[in-house]
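Trainee: Sharing a structure below in structure tokens format, with a few things to ask.
Read the figures in this text as sums done on the coordinates, not as results from a lab. Keep in mind it's a predicted model, so treat the numbers as computed, not measured. Don't worry about glycine lacking a Cβ; one is built from the backbone with ideal geometry, like all the others, and counts go over all protein chains shown.
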């Protein structure tokens with residue numbers, strides 16, 4: 001199977017079985033990307049940071065990056081098309097045929113039942129990315145390589161977030177947090193491991 005077809009089918013599967021948007025897809029994208037050898041764990045972590053800081057949906061950004069990394073421009077097109085096609089088709093079907101679907105109690109119950117699971121998946125993904133960034137550990141029992149610079153950056157960002165919220169009584173714009181993180185990374189990482 002060509003790399004382009006493999007990228008398309010893999011991301012089509014991810015787009016078809018994921019629920020909860022881009023953040024709900026990150027865990028499955030990571031698993032598939034590592035299993036196929038398209039990215040290393042470190043490059044996936046870096047790519048999530050870049051995908052978060054660039055405009056557009058995070059799932060599309062991740063798919064585009066993985067596709068470009070594995071198959072160039074055509075690979076990025078195949079991966080991106082694969083990840084957005086299921087949602088596109090589902091939205092068209094729902095909008096045109098079943099516009100009143102949510103009025104049924106059974107459908108509401110299914111959606112309400114999926115919300116905690118999606119929340120758990122997103123939380124588990126965020127926690128695993130944080131542990132990987134700070135401790136460089138993916139599996140229990142691996143040797144820990146503690147990153148002081150990452151811990152300092154994380155602590156500063158959390159402090160800035162809560163201080164801003166307390167002082168101004170509103171959330172800080174995430175773009176400012178990204179800029180602060182980037183500047184801290186440039187300033188600290190070359191000097192602190």
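Trainee: Consider residue 137 against the criteria (1) touching a residue at least 60 places away in the same chain (Cβ under 8 Å); (2) assigned to a loop (DSSP other than H, G, I, E, B): it satisfies all of them except one. Which criterion is unmet?
Mentor: (1)
Trainee: Would you be able to tell me the number of residues in the range 89-100 that are part of a helix (DSSP H, G or I) and either in contact (Cβ under 8 Å) with a residue 60 or more places away in the chain or loosely packed, with under 12 Cβ neighbours inside 10 Å (or both)?
Mentor: To start, the set of residues in the range 89-100 that are part of a helix (DSSP H, G or I) comprises 89-97.
From what is left, the residues that are either in contact (Cβ under 8 Å) with a residue 60 or more places away in the chain or loosely packed, with under 12 Cβ neighbours inside 10 Å (or both) are 91-93, 95-97.
Residues that pass the stated criteria total 6.
Trainee: Being touching a residue at least 24 places away in the same chain (Cβ under 8 Å), part of a helix (DSSP H, G or I) and either more than 15 Å from residue 126 (Cβ to Cβ) or touching a strand residue (DSSP E or B) at 6+ places or on another chain (Cβ under 9 Å) (or both) is the filter here, so list the residues in the range 14-41 that pass it.
Mentor: 14, 15, 16, 33, 41
Trainee: Would you pick out the residues in the range 34-46 that are surrounded by fewer than 20 Cβ atoms within 10 Å (Cβ to Cβ) and either more than 15 Å from the chain's Cα centre (by Cα) or more than 29 Å from residue 176 (Cβ to Cβ) (or both)? Let's see the steps before the verdict.
Mentor: Within the range 34-46, the first condition is being surrounded by fewer than 20 Cβ atoms within 10 Å (Cβ to Cβ), and the residues that meet it are 34-37, 40-43, 45-46.
Of everything in the range 34-46, those that are surrounded by fewer than 20 Cβ atoms within 10 Å (Cβ to Cβ) and either more than 15 Å from the chain's Cα centre (by Cα) or more than 29 Å from residue 176 (Cβ to Cβ) (or both) turn out to be 34, 35, 36, 37, 40.
Trainee: Suppose the filter is farther than 23 Å from residue 21 by Cβ, assigned to a helix (DSSP H, G or I) and under 21 Å from the mean Cα position of the chain (by Cα); does residue 151 pass it?
Mentor: Details: farther than 23 Å from residue 21 by Cβ: yes; assigned to a helix (DSSP H, G or I): yes; under 21 Å from the mean Cα position of the chain (by Cα): yes.
Answer is yes for this residue.
Trainee: Where the second residue is not in a helix (DSSP H, G or I) and the first is surrounded by 18 or more Cβ atoms within 10 Å (Cβ to Cβ) and lies in the range 47-72, which pairs have Cβ atoms under 6 Å and are six or more apart or on separate chains?
Mentor: Sorted first by the residue in the range 47-72, then by its partner, the pairs are 61/54; 66/38; 70/38.
Trainee: Also: Could you list, in sequence order, all residues of the range 121-160 that are surrounded by 14 or more Cβ atoms within 10 Å (Cβ to Cβ) and on the phi > 0 side of the Ramachandran plot?
Mentor: 136
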